[in-house]
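To start, the structure under review is shown below, and the notes come after it.
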Amino acid sequence: MLSPRQIFEDNIRPADLLLKVFRLLEHESPTTEIELSKTLRSLINVPHDEGLIIIYNEIFLGLIRERAEVSPSAIKRSALCNLLRQAVVTASTALETYLPAILRQNLPEVIKLRGRDFIPRNDNDINQQFKGLTFSLEETVRILVGPDPLFIANKIISSLSFSYLSGARGIRVTALLLGLEKPWELIAKELGREEKEIRQTLEATMKRRNDIVHRADRSQDEPTGTVQEIGYPWAKQAVETIRLVCLALDDLVVKRLKEIQQQNLISSVLEVV
């Protein structure tokens with residue numbers, strides 16, 4: 001069975017590939033260098049009357065033959081930018097897949113060890129996230145008769161099918177349920193970055209994902225306006241921020257779970273003494 005971390009890394013890997021493909025194909029216009037064209041034609045034995053598109057930059061040399069039926073406009077920079085947009089969407093999806101996965105793996109154990117204290121009291125994000133969560137009479141009696149951490153955890157996680165964990169709030173809610181206090185402060189410290197900067201980058205990324213998916217990358221403020229520009233540095237930063245935040249959260253949860261287990265062990269020993 002794959003760990004949440006493995007699931008996340010598998011899901012974000014296509015975003016990395018999209019970024020790399022963009023960098024390979026990035027060019028202002030196909031090269032028209034005559035000597036290079038002659039050399040490539042000779043190398044692969046292409047007839048002189050066959051059309052070629054040659055892409056040449058500092059890291060890549062590519063040749064597209066006429067039979068591929070790809071026009072220069074199909075690979076111009078504005079078209080290639082869709083690879084960057086898809087990388088942002090893929091990374092965002094990886095985040096939204098990871099958060100329920102780490103809850104499924106660890107929440108039953110946290111509930112077992114912490115009991116009713118696993119729920120932060122009077123937290124607006126928690127209350128908002130699970131405002132639609134209800135327990136039937138039968139489920140309530142079941143919990144009262146014999147508390148079942150796995151049942152409670154599954155009930156909480158199943159409710160996420162109707163209220164997605166996403167963005168900065170989703171990360172905070174997940175971390176709080178798994179025993180991390182002031183999660184964004186901990187994540188920022190783990191990464192050696194400013195908390196405000198990380199959250200702003202993450203929120204901008206999720207907002208952009210929604211623009212791309214729902215409005216073909218037109219701003220929510222101007223849904224009928226022009227398509228927003230996107231560049232490699234911005235997309236790279238967006239993908240890397242999601243990656244680093246999730247990896248930092250994963251390490252913090254593992255560390256926190258060990259602390260809770262140690263605290264419970266010490267309490268059990270003291271009770272016996």
Practice task
Using Cα pairs closer than 8 Å and at least 6 residues apart in sequence, work out the relative contact order for region 36-152, in percent.
Solution key: 13 percent
Handout entry: Whole-Hz couplings from phi, Karplus 6.51/-1.76/1.60, listed for region 225-241; x for Gly and Pro
Key = x, 7, 5, 6, 6, 9, x, 4, x, 5, 5, 4, 5, 4, 5, 5, 5
Practice task
Taking H placed 1.01 Å from N in the peptide plane, check which residues at least 5 places from Leu63 or on another chain put their amide H under 5 Å from its amide H.
Solution key: Ile55
Exercise for the section: Determine the share of region 80-271's accessible area contributed by carbon and sulfur atoms, expressed in whole percent, with a 1.4 angstrom probe. Expected result: 51 percent
Completion exercise
Among [x] 1.00; [y] 1.14; [z] 0.97, the entry matching Rg/Rh (Cα atoms, Kirkwood Rh) as calculated here is [y]
Problem - Solvent-accessible surface ranking, highest first, for Ile34, Ile266 at 1.4 angstrom - result: Ile34, Ile266
Handout entry: By accessible area with a 1.4 Å probe, ligands and nucleic acids excluded, highest first: order of His27, His214, His48
Key = His48, His214, His27
Handout entry: By accessible area with a 1.4 Å probe, ligands and nucleic acids excluded, highest first: order of Tyr232, Tyr98
Key = Tyr232, Tyr98
Problem - Area of Ile119 that stays accessible when all protein chains are in place (1.4 Å probe, Å², to 10) - result: 80 Å²
Fill in the blank from the handout: Along region 185-195, Karplus-curve 3J(HN,Hα) (6.51, -1.76, 1.60; θ = phi - 60°) to the nearest Hz, with x for Gly and Pro, reads 5, 5, 5, 4, 5, 4, 8, x, 10, 6, 4
Fill in the blank from the handout: The local net charge around Asp16, scoring Lys/Arg +1 and Asp/Glu -1 for residues other than Asp16 whose Cβ lies under 13 Å from its Cβ, equals +2
Practice task
At most 11 other Cβ atoms within 10 Å and a DSSP loop assignment: could you name the chymotrypsin sites (Phe, Trp or Tyr not before Pro) in region 118-208 that fit?
Solution key: Phe162
Completion exercise
Result for the chain: accessible area per residue, probe 1.4 angstrom, in square angstrom, of 59 Å²
Fill in the blank from the handout: Surrounding charge for Ser3, neighbours by C-beta under 10 angstrom, Lys/Arg +1, Asp/Glu -1, total -1
Handout entry: Rounded to the nearest 10 Å², the accessible area of Val254 at probe 1.4 Å
Key = 70 Å²
Practice task
Using R₀ = 30 Å, calculate the FRET efficiency as 1/(1 + (r/R₀)^6) where r is the Cβ-Cβ separation of Asn82 and Lys38; round to 0.05.
Solution key: 0.35
Handout entry: Nitroxide proxy distance, nm - points 7 Å out along Cα→Cβ at Glu138 and Glu28
Key = 7.0 nm
Completion exercise
In whole Hz, the Karplus estimates of ³J(HN,Hα) for region 120-131 (6.51, -1.76, 1.60; θ = phi - 60°; x where Gly or Pro) are x, 7, 6, 9, 5, 5, 5, 4, 5, 5, 10, 5
Completion exercise
Computed over the chain, the relative contact order (Cα-Cα under 8 Å, seq sep at least six) in percent reads 23 percent
Practice task
For Gln6 and Asp221, calculate 0.36 nm times their separation in residues minus their Cα-Cα distance, and state this gained length in nm to one decimal.
Solution key: 73.7 nm
Fill in the blank from the handout: In terms of the charge dipole of region 149-273, which places +1 on Lys and Arg and -1 on Asp and Glu at the beta carbon, the residue among Ile212, Pro149, Leu177 farthest towards the positive end is Pro149
Handout entry: region 80-271: Lys pairs at Cα distance under 28 angstrom, eight or more positions apart or on different chains
Key = 25
Problem - Mean separation of Cα contacts under 8 Å, 6 or more apart, over the residue count of region 143-273: relative contact order % - result: 23 percent
Exercise for the section: Grab the Cα-Cα distance for Leu191 and Phe151, subtract it from 0.36 nm times how many residues apart they are, and report the gain in nm with one decimal. Expected result: 11.0 nm
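The values are calculated or read from the model by the stated rules, or taken from the named source; none is laboratory data. Keep in mind that what you see is a predicted model, and the values were worked out from it rather than measured. A quick note on method: Cβ atoms are made from the backbone with ideal geometry, for glycine too, and the neighbour counts reach across all protein chains shown. Please note that ligands, DNA and RNA were not included when accessible areas were found on the heavy atoms of the full protein model with its side chains. Shrake-Rupley method; radii C 1.70, N 1.55, O 1.52, S 1.80 Å.
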